[in-house]
Every structure is written in structure tokens, then in C-alpha cells.
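Below is one structure; the comments refer to it alone.
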Protein chains: 2
Amino acid sequence: MTLIARLKEITPHVLTGADALPYGRDWVGKYQTAPLAVLRPGTTGEVSAILALCSETGTAVVPMGGNTGLTGATAAEGLVILSLERMNTIREIRPDARIAIVEAGVILQDLHEAAAQHDLSYPMTFGAKGSARIGGTLATNAGGSNVLRYGNTRDLCLGLEVVLADGRVLDLMSELHKDNSGYDLRDLIIGSEGTLGVITAAVLKLVPTPSAYATAMVTVPGLSGALRLLNALQTRTGGMVEAFEYMPRDYMARLKQFRSDLIPPLGHDQDHTIFLEVASTVPRDCAADESGQVPLVSHLEETLGELFEEGLVLDAALAQSEAQRALMWQIREAAAEISVATKPIVINDLCLPIDQVEAFLARAEAKLRPLDPGFGTCVVSHLGDGNVHYTIYPSTEALCDPLMQAVEDIVEEMRGSFSAEHGIGLSKLPSMRRRKDEVALTMMRGVKAAFDPKRILNPGKTLP
Amino acid sequence: MTLIARLKEITPHVLTGADALPYGRDWVGKYQTAPLAVLRPGTTGEVSAILALCSETGTAVVPMGGNTGLTGATAAEGLVILSLERMNTIREIRPDARIAIVEAGVILQDLHEAAAQHDLSYPMTFGAKGSARIGGTLATNAGGSNVLRYGNTRDLCLGLEVVLADGRVLDLMSELHKDNSGYDLRDLIIGSEGTLGVITAAVLKLVPTPSAYATAMVTVPGLSGALRLLNALQTRTGGMVEAFEYMPRDYMARLKQFRSDLIPPLGHDQDHTIFLEVASTVPRDCAADESGQVPLVSHLEETLGELFEEGLVLDAALAQSEAQRALMWQIREAAAEISVATKPIVINDLCLPIDQVEAFLARAEAKLRPLDPGFGTCVVSHLGDGNVHYTIYPSTEALCDPLMQAVEDIVEEMRGSFSAEHGIGLSKLPSMRRRKDEVALTMMRGVKAAFDPKRILNPGKTLP
């Protein structure tokens, strides 16, 4: 009996040939692979049986959620894809405990909607929320727009169910907020991109949904002032800052060039624009007064006024309506569109210590300019996290790699990371090989060998 | 040349014989061991050289911080203790980045004081803060009084420096809030009790220091109501609840018996008393008005009033002065004293899903009473974390183990943990052997073998 026939005995939901091809293409169209087959099991037991068989036969397996990753972590030329898409049940939401228990194939947006029925939120969110699945967000430790307040995916997970390479089930489905009984296997699995085990279910934290938002565009004299603004806002609001996004002059210039319909409230001609949003669940912050003004907005206005007096803020425009708020978000979210409108291009997802972003930008300009006097940039940053999307437009294709390596040099010297929120997959393997601490790589290989001695789980990904 | 002589060539700070004995005794006096020697290196380089030599010679090493642990994790009969106490430099505090960079031997309280000079806090705190050292708090993933708001030690750590068993230095000294470059070795080391590596330095998060506190004793109709009270308070304050502690009738009875000087504001004769504290950094919450009233206190008063209307609160006493606040804290902190005043005793540090604490208490009473009709209890709980200190007083010493195992049975059935915040060390090894998922234990042993193949790091601890 062939391998495929044996797999079909475990689950009839097996796609091959042309039916499998869509699973072999990644979201950005960079990786186009032809999988041997796509397995779509419906239960943890089936996942276990599949992995036991693949382990026995030495068959490589590529686990897949919503396939919305940006690093080619699900490329599967000639390999078996294990899709969790049919395991999409929200098993339980317990509002008093503020937890959701879900299968790995649940779509992020479906969880958002289910939580909303209890006036709760699962705060992890990003552009691909309509397709991304919980298992994938855990396997990549996904970031997104709300990390500043609520943390990365890692911070939102209490428990996991994992099927190991040999088919054994590792039951870490804890609902506990404290558990010091041995090594932290949960966090080892989170972010391991399907190379240590296949996540089949999770216990996730929910938070109360904000009742009011206060949103503003602010200009500041420089980035060190911006950080002091962020800290002041956190202190003065009790940690309610949900977004704190930085758009320098080059960003605004590209916005003007490619999305001239989106007019920034303080104009395009600003060195340092911050987009920020504060959100509250506190009733006295949220109930509009007779004039329709929400106290949270007055509070932000007052705080920005004080910071203006201190010289931390040059000018500010508060959103006075949902339409104005939406415009501000559109200006920030245009990044995906306006940043890729020029070729050649080098895309970066960097992280720096949060007080080193300004120094990084200066050093990058100084180092790259001699290499390519004509290079351009489009910079946008989740400044509150130190996460900088530093997109470069070299003068020629041949300059892409030298400029990329020059950026990596600076990031390494400044003890930053070449991968903030997207992971490694395939596309960041060269950076991982060149830049990651050698001792750390050795220990990661030791962990990999302990979890997957036959190297059948997502081979060739994550670890060079 | 003897081993000791060779070690003295690395660092002259070596204690032996009677000088070493104090290091062999644990804080609670349960473990009294005679170490072969105590090494007190002053640099990471010396730690590295020590471990390289110990690895070469197969010498077991017991890492030690402030030696304030509760599970015998530093017991060292005939072994070499590696004390980090001389590596006690706070290398840097960067207020804008809200981080502290410290050596492992820094005493927790010293870090508190250094952060306070910048109006910041390192929010991890517990009774032994004057002796406990940062390295030990990381090695045990310590809990404490502020976990509800700020998380466990794990949640407060951005980066680590670790010397591995063979002397190599694993440099994870990241200051980054986002870093998805490979497996999460940091969280693997945190909580591993010195069995995977020796922590020599860390990057820790700081938070703004609250400017005002509102503190209350509250009686509630039952624990499910208490949880709804907690959730309502979190929503209405925007997550400012720092303490939410449960003291049932048996606790109050023991308080009356052993600390009759401490009179609870709502009396001893209450089924369910909650002690809670809310803390704010928001200026408009904190500035006292002309009558001396702090708005945060009025706000809590108002919120409790509304919850009283909903039936979630039966009665409440707000602290109206620092003296009243101190009394409330003393009533809660008397636990350590009043709970150990009876023998025989079984001490438990359990964790349950936060909405299952009431069910656990009922099941424990029902299961233990037939085994020992005369047993007593003293229960106190960090209810917001689901952490229950369930102290049992069996009628006879012989009943200790049966009652302990009965509690473990219930905890296992309810998917709780037999070790919430104290770790495993030596004293919880039997529970670990009996109760931990076998697959998890196997994978932990695999990790241990990868990190410490010669098994020289804290042998016989953590993993059975």
C-alpha cells in the first residue's frame, strides 16, 4: 500500500495533484511549490496517527494554518502538508475566567466575533485576520497592532495541545495563570514554526473590550521626545495606549505620492509624526457628556496640552469623529500599499531597543548613503515596541544584498533583531545563519534533536 | 592539584568547611547539608571557567542566589555551591526605555530602591525581598504579591545571560520587546532552577510607580461572585487591580486565635472576605482634593457601591488612612505566621483555573473529611491568579501523606498544578513524579540532556 493510501485510511480528507497546488503557494506569491499531498485531519487523534505514520516512514510534514505567513514557512515542494483548517471549533468561552479554548484551525476573526458576544476581546489582530488561523499565530508568535498593550501571541496563551513528531500528544492545555512544575515547554513550542510539534488546540486569554477610543496625530521634535511622550501617556492613562506608530518625513512623502487622497491632519511636511490611540474600559472615561464629548478624548487633549507645555509635543490633531479616526488609521495602514510601490526593494522587519530607534535611523542613513548615494527609504515603526519596518529602494537590483547586509551589520551592533514579528521560515534563514549567536543556534539544534530526532517536522525551516 | 586548588586559581573567593555550612542550610530549616565548597565568582568569565572545569572533571554544581527558596532547590550535600552573591552590580537603568540591566546577584530590594530613584518600580516583590537575588527569582520564576497586575518573573524579563554546563556563554541579553528569531531559549531557562544553565545577568522591565492606592476589605456572597467582582473592577479601573486576596472563615478563625490584636474591619465572622488594592499612576486619580480625599478612593467607593446594588458585594470597608491600609495588609500577611502555628501540617501551593477555586474547596472538604474527620485547614488564596495556599492540619502525622495525595488527586482531576509559584526543587519531586504528564516529563528530560549531557547542574532537582 502506498503512503498516500495509508494516510487516506487515517483521514479521507486528502488532496493531491492540482487540488493540492493552492496550498503550495504562499500569500505574497514569493514561494510556489507543488506539495505531494495535503492532509486535512479533523481530530487530534487523526493528527497523532498521521505523525506516527510519517515518523515510521520518515516522511517530512509541513504543518499549515491559514497560510498567511510572510517568510515562506509553509513552502512544501514535494512534501506532505498537514492543514489544521478542518479543526476549527471554538470549544468553549468562559467569560468569568476570561478564557477561550479553541482548536488550532479557528480563524482569528471568528474568535474575535465569538468573544465579542461576551463583551470580551481576543486582542491579537493584524491585516490577515480573516484568513489567519490560531495555530499559525501561535507557531509564529504573531505580532500585530495591539502588541504594545496586550503583548505578542505568546503573552495571550495559557495552554497548548501539541502532537509531537512521533505522534505522542503533549498535553499542556493549562488554564492556569501560575504553574511552576518543570520547564516551560509551552513557550518553547510557541514561535517554533511547526519544527518541534504540531499545535492542535490552545487556551487563550480574553480581555474586556474598550468602550471608548481617543485617537490623535501628533508631531514631535524628535524620537527621544516621542518616547518620553509615550511614557508620559502610559503613566497618565494607567497603561491604556494601544497604538503608538511613527511615520517620518519619507513616509509622508510617499503617502503624498501614492495616496494623495489621504491628507494627514497636520500636513505632509513634518519631520516626525506620531499616530496614537488610547482605549478605555472605564465607564467614567467613556460616557459622552451632553455635548457629545467623550471624557477620554478630553483627557487625552488635556494630557497633550501639558506635554505641549513641556515641549514634548509640537502640534496635535485629535480625531473628533469616527470618520476622522478612520482616516488616521488609513494613513497608517496605507504602509502595506505605498511601501511596495517601488522596485527594487528590500523589506525589513527589524527590532531595536526602544530608545535606540532614532540612533539606528541615523546610523543606517550614514552607512548606506556611501554604498548607494541614490537609495530611498520608506520607514514606518511600531515605535512603542521598537519594531521598525525599514523598507529600502536601492538604485539597482545588485545593491539589494549589500544594503541588506549593511542594515544587518548595524542591527547586530545595536543588539537588535533581524526578525521582530514575522519569524524566520525560509526567507530569513540567511540572516539567521549570518547573525544569530552561534551558541544559541547550537542549543536550538539540541532542542530540535530532542523533539524531532528524525527531522520530519517542517524540515529546512527556522534553523540553518 | 586538587579540584579545590584548581577552583581557587579561578577565583580566590572559595569557602570550605564551617565557612561553607551556612550556605548548606535552607531558609525554612528543612534541609541541612554540608557543601564541599562554596565558590563566589565575581565575573561571568569566572563562572564560565568554573563550569568548564566542573564539566571536565564531572563535578556537580549547585547554583545559588539569595537561598530563600522554599523547596530545597539549593540543597548541596557534598557538592560545590556556585554562589552569585558577589555579582551584585546594577549595570544600568534606562528610564526612557524602562529597563534595568543587572547582574544575577543583585538583591531584589536593592533593585527596588535603585528604580525608585527614577520614579519607576520593578514590580516583583515578596516577603524575602531583602535577601532574594535576581538570579534566583529568575531561576524559580518567582511569583509574589503583584502577579495579578504585572505577571510572574517571566513576564518581567526581556533578556538573560546564561553560562551553560560546559562553560560556554549563551548571550540572550536582549532589550527587545519583539524578537522572533528562533526558539524561545529565554523562557526555557527561566524557571529551570539552575538545572539547564547558570543565569549571570538579566534585562528587566520597569513600570511607573503608582501615586495613589485604594485599599478595601470586602465581604462577598461566594467565590463566583468574587470573580465577577474582580472582573468588574478590572473593567471599571482599566486593569489597575494589584491585589485580590481571598480569606475564608477558617482563615479568620485562625487569625482570631493567633493574632487577636489584628481586628478585621468587617469582623471575624464572615464566610468570604476579599482584601483588594487598586493602584493608579493617573494624576487625576491621585491628587487629593481639599478634604484630603483621593479621587481613586472615591472611585473605588463608587464602584463597590454599584456592585453592592448588583449583589456582588455584601459589605465593604475602605482604608481611609495609611494606618488602616497597613492593618489590612497585616491581616493578609499574617498568613505565614498563623498558618504554621499547628502541627502536624501539610503545606500546599496549588493553582486552579480561576473560576474553579470554589469547586476545589468544596471537593477537598468532601474528599478529605471521610479520611480524617478531625482535620483542620487554613486557606488563603491569591484569588486573582487561582493560586491557593491550602494548609491542612491532619489529626495525626500518619495522615499527612494520604491527605496530601487526596489533594493532589483533586488538583489533577481539575487540571490544576501542585506547584503554582514555589517550583519543584527537592520537596515537590514526589508530586512531579506522581502527577506530571509523562510525555511532558520525557521531553523535559530530552531538553536537560541537550543542555547538560553530563548532568552536573543541580543534579537530582526539578526532574524526577
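Brief remarks on what is shown
- Pairs with Cβ under 9 Å, 6+ apart, first in region B:269-288 and among the basic types (Lys, Arg), second crowded, with 16+ Cβ neighbours inside 10 Å: B:Arg284/A:Arg236; B:Arg284/A:His299; B:Arg284/B:Pro295
To keep it simple, each residue is scored yes or no on (1) part of a loop (DSSP other than H, G, I, E, B); (2) surrounded by 17 or more Cβ atoms within 10 Å (Cβ to Cβ); (3) touching a residue at least 12 places away in the same chain (Cβ under 8 Å).
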site	(1), (2), (3)
A:Glu9	no, no, no
A:Pro22	no, no, no
A:Val28	yes, no, yes
A:Val47	no, yes, yes
A:Ala76	yes, yes, yes
A:Arg91	no, no, yes
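- Taking first residues from region A:143-160 that are under 20 Å from A:Ser174 (Cα atoms) and in contact (Cβ under 8 Å) with a residue 40 or more places away in the chain and partners that are hydroxyl-bearing (Ser, Thr, Tyr) and surrounded by fewer than 21 Cβ atoms within 10 Å (Cβ to Cβ), the Cβ contacts under 7 Å between residues at least 6 apart in sequence or on separate chains come to A:Leu156/A:Tyr150; A:Leu158/A:Ser174; A:Gly159/A:Ser174.
- Scanning region B:200-228 for residues that are crowded, with 23+ Cβ neighbours inside 10 Å and in a helix (DSSP H, G or I) returns B:Leu223, B:Ala226, B:Leu227.
- Count of region A:406-443 residues which are more than 7 Å from every other protein chain (Cβ to nearest Cβ), of a type outside the set (Gly, Ala, Ser) and touching a residue at least 60 places away in the same chain (Cβ under 8 Å): 5
- Only one of the listed residues (B:Tyr246, B:Tyr251) is touching a helix residue (DSSP H, G or I) at 6+ places or on another chain (Cβ under 7 Å), under 26 Å from B:Gly423 (Cα atoms), among the hydroxyl-bearing types (Ser, Thr, Tyr) and not assigned by TED's automatic domain parsing to the domain that holds B:Arg40. That residue is B:Tyr246.
- Only residues that are within 22 Å of B:Leu426 (Cα to Cα) and hydroxyl-bearing (Ser, Thr, Tyr) were counted in region B:73-90, giving 2.
- Options A:Arg455, A:Arg369: the member that is out of contact with any His (no Cβ under 9 Å at 6 or more places or on another chain), among the charged types (D, E, K, R), outside the structural domain of A:Leu79 (by TED's automatic domain parsing) and assigned to a loop (DSSP other than H, G, I, E, B): A:Arg455
- Residue check, B:Gly159 among the small types (Gly, Ala, Ser), under 23 Å from A:Glu421 (Cβ atoms) and not in a loop (DSSP other than H, G, I, E, B): yes
- Selection status of A:Gly136, in contact with a Gly (Cβ under 8 Å, 6 or more places away or on another chain), buried (at least 21 other Cβ atoms within 10 Å of the Cβ) and among the small types (Gly, Ala, Ser): yes
- Qualifying residues in region A:389-443 (those that are hydroxyl-bearing (Ser, Thr, Tyr) and part of a helix (DSSP H, G or I)) - the one surrounded by the fewest Cβ atoms within 10 Å (Cβ to Cβ): A:Thr442
- Some residue of region B:444-460 being within 14 Å of another protein chain (Cβ to nearest Cβ) and either polar (S, T, N, Q) or more than 30 Å from A:Ala450 (Cα to Cα) (or both): yes
- Residue match in region B:309-329 (condition: crowded, with 16+ Cβ neighbours inside 10 Å and within 14 Å of another protein chain (Cβ to nearest Cβ)): yes
- Close pairs (9 angstrom Cβ cut-off, 6 or more residues apart or separate chains): in the same structural domain as A:Ser280 (by TED's automatic domain parsing) in region A:108-122, part of a strand (DSSP E or B) anywhere: none
- From the list A:Val28, A:Val62, A:Val102, the one residue that fits, being under 21 Å from the mean Cα position of the chain (by Cα), in the same structural domain as A:Gly159 (by TED's automatic domain parsing), of a type in the set (A, V, I, L, M, F, W, C) and closer than 22 Å to B:Asn180 by Cβ, is A:Val102.
- Considering region A:235-274, the residues that are of a type in the set (A, V, I, L, M) and assigned to a helix (DSSP H, G or I) include one that is surrounded by the fewest Cβ atoms within 10 Å (Cβ to Cβ), namely A:Ala253.
- For region A:253-301, a residue qualifies if it is of a type in the set (A, V, I, L, M) and within 14 Å of chain B (Cβ to nearest Cβ), and the qualifying residues are A:Val278, A:Ala279, A:Val282, A:Ala287, A:Leu296, A:Leu300.
- For region B:188-210, the condition holds for no residue, the condition being that it is of a type in the set (A, V, I, L, M), over 22 Å from the mean Cα position of the chain (by Cα) and over 26 Å from B:Met64 (Cβ atoms).
- Filter pass, B:Ala232 being more than 9 Å from every other protein chain (Cβ to nearest Cβ), assigned to a strand (DSSP E or B) and either modelled with pLDDT of 90 or more or under 16 Å from B:Glu302 (Cα atoms) (or both): no
- Scope region A:175-196; condition more than 7 Å from chain B (Cβ to nearest Cβ) and either within 23 Å of B:Arg435 (Cα to Cα) or at pLDDT below 95 (or both); matching residues: A:Arg186, A:Ile189
The values are calculated or read from the model by the stated rules, or taken from the named source; none is laboratory data. Remember, it's a predicted structure, so these values are computed and weren't measured experimentally. Quick reminder, even Gly has a Cβ in these numbers, built from the backbone with ideal geometry, and neighbours come from all protein chains shown.
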